[in-house]
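Data first, discussion second: the structure below is written as structure tokens.
The values are calculated or read from the model by the stated rules, or taken from the named source; none is laboratory data. Because the structure is predicted, anything quoted here is derived from the model rather than measured. Cβ: placed from backbone, ideal geometry, glycine included. Neighbour counts: every protein chain shown. Surface accessibility is based on the protein's heavy atoms, side chains included, excluding ligands, DNA and RNA. Shrake-Rupley method; radii C 1.70, N 1.55, O 1.52, S 1.80 Å.
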Amino acid sequence: MDADAPAWVALSNLVLDRTVTVEAFRAGEARRDPQQLNRRWVAERGGEVQGLAHLSFFPFDPPGFLHASVLVHPEARGRGLGRALWAEVEQAAREAGAAGLAADVADTEPDSLAWAERRGLRPHAHRFASELDLTTFDETPHREALARAAAQGVTFTDLGGADAATLEQYLNFFADRLTETPDLAGHPRWPPKQVREILHLDHDPRPDWLVLAVGPDGGWLGTTALVAYQLMAYNELTAVHPQARGQGLALPLKLHAIRRAREAGLTAMRTNNHSRNAPMLAVNRRLGFEARPGRFELHQLFALTSGA
Ligand SMILES: CC(C)(COP(=O)(O)OP(=O)(O)OC[C@H]1O[C@@H](n2cnc3c(N)ncnc32)[C@H](O)[C@@H]1OP(=O)(O)O)[C@@H](O)C(=O)NCCC(=O)NCCS
């Protein structure tokens, strides 16, 4: 598989409009938990890799599900490559005892959506990315929101220089807030190791990008967390404790994250939102985030087979 890594990265970057490097791909593979399923297939025609399939554990999927991805070069579509790759993926998932499959399709690709629906996948959620240009962002219109938070005795800090116990407390706080998002409501709480991974704490740690809103009594009211992909700041989560909601803290939290990203020379901030997450969408709009094309998350639930 490693020999196919450059072809894999080239084709997936082309189809998914990404700029992942072969080095970052290999590093990501090396960090994967060997206990969790991770299988890849390539389909070649005339000696060229023209199709890819990936079956793996993805922490945002429902418990027991595996994440499937099949991609075919735009010029090689309609020749059965996708069908053959999907058959492999589905069989491997069933053999692994998965409860079902989750997959993503761009909301700009009706043909791919129809193809996935013919395979029994059904839309479960719609998310879209939005992006903020950090090179032109102006904080001035939002000073009032910062002043309102200050008037309530709320201060903002980050995990830069925090000791191990405080970081551990943060990982638990983050895991609790995750289960309150529309994405992970009803899912089991993530183990700290999983939180460390999405926050890049073991390979590109930036504890100073983990921002906290702290109440007058020192209690943690909310957080926002950034990781970087090249010059892009990715906002993994902005969340306010249920008891501190409605006090206007989400926007100041994000402003503090924006400040840190700009200080680090990052040029854009990106976030992914569930289409039904009205409060977060409103905050992002006010800050000037612009919506980009999104994707459907599709699910296929496998029928339970009797062991008799
Ligand atoms: C969705 C995607 C993987 C389909 O790839 P593909 O190689 O075109 O898939 P296929 O050729 O197997 O199927 C496309 C259609 O072409 C036709 N087709 C398949 N084999 C054919 C053949 N030998 N001759 C003529 N037509 C054929 C069929 O109508 C087929 O649909 P069906 O199998 O549902 O009846 C591709 O469009 C893609 O990469 N999209 C972006 C990623 C994505 O959204 N993936 C889906 C979620 S994992």
Next item on the list: Return, ordered by residue number, the residues of the stretch 51-67 whose backbone nitrogen is under 15 Å from a label point located 7 Å along Cα→Cβ of K193.
Entry: 57-59
Next item on the list: Starting from the Cα of E139, step 7 Å along the direction of its Cβ; do the same at L167; then give the gap between the two resulting points in nm.
Entry: 2.6 nm
Margin query: How big is the dipole moment of the stretch 138-287 about its Cα centre under a simple scheme where the beta carbon of each Lys and Arg is +1, that of each Asp and Glu is -1, and everything else is neutral? Debye, nearest 20, please.
Written below: 500 debye
Next item on the list: Mind checking which of M269, L159, L171 is farthest towards the positive end of the stretch 138-287's charge dipole, using Cβ charges of +1 (Lys, Arg) and -1 (Asp, Glu) about the Cα centre?
Entry: M269
Next item on the list: Can you check how the C-alpha radius of gyration of the chain compares to 2.2 N^0.38 Å, as a plain ratio?
Entry: 1.07
Checklist line | Solvent-accessible surface (1.4 angstrom probe) belonging to R143, in square angstrom, nearest 10 | finding: 140 Å²
Next item on the list: Within the stretch 75-119, find all residues whose amide N lies under 18 Å from a label point positioned 7 Å from the Cα of D17 along Cα-to-beta-carbon.
Entry: 75, 104-114
Next item on the list: Grab the Cα-Cα distance for A264 and L304, subtract it from 0.36 nm times how many residues apart they are, and report the gain in nm with one decimal.
Entry: 9.4 nm
Margin query: Using 10 Å bins from zero, what percent of all Cα-Cα pairs in the stretch 138-287 falls into each bin?
Written below: 10, 43, 39, 8, 0
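Take every Cα pair under 8 Å in the chain that's 6+ residues apart, average their separations, divide by the length, and report that relative contact order as a whole percent.
Numbers: 483 pairs, mean separation 66.6, N = 308.
About 22 percent, as a whole number.
Quick one: putting +1 on the C-beta of Lys and Arg, -1 on the C-beta of Asp and Glu, what dipole do you get for the chain around its Cα centre, in Debye to the nearest 20?
Values: 33 positive and 38 negative charges, 117 e Å.
Approximately 560 debye in magnitude.
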Item checked: Förster-model FRET efficiency, 41 Å R0, R79 and A30, C-beta, rounded to 0.05 -> 0.75
Next item on the list: Mind pulling up the Rg/Rh value for the stretch 1-110? Radius of gyration and Kirkwood radius, both on Cα.
Entry: 0.94
Checklist line | Rounded, prolate or oblate (a/c below 1.5 giving rounded, otherwise prolate when a/b exceeds b/c) for the stretch 149-195 by Cα gyration tensor | finding: oblate
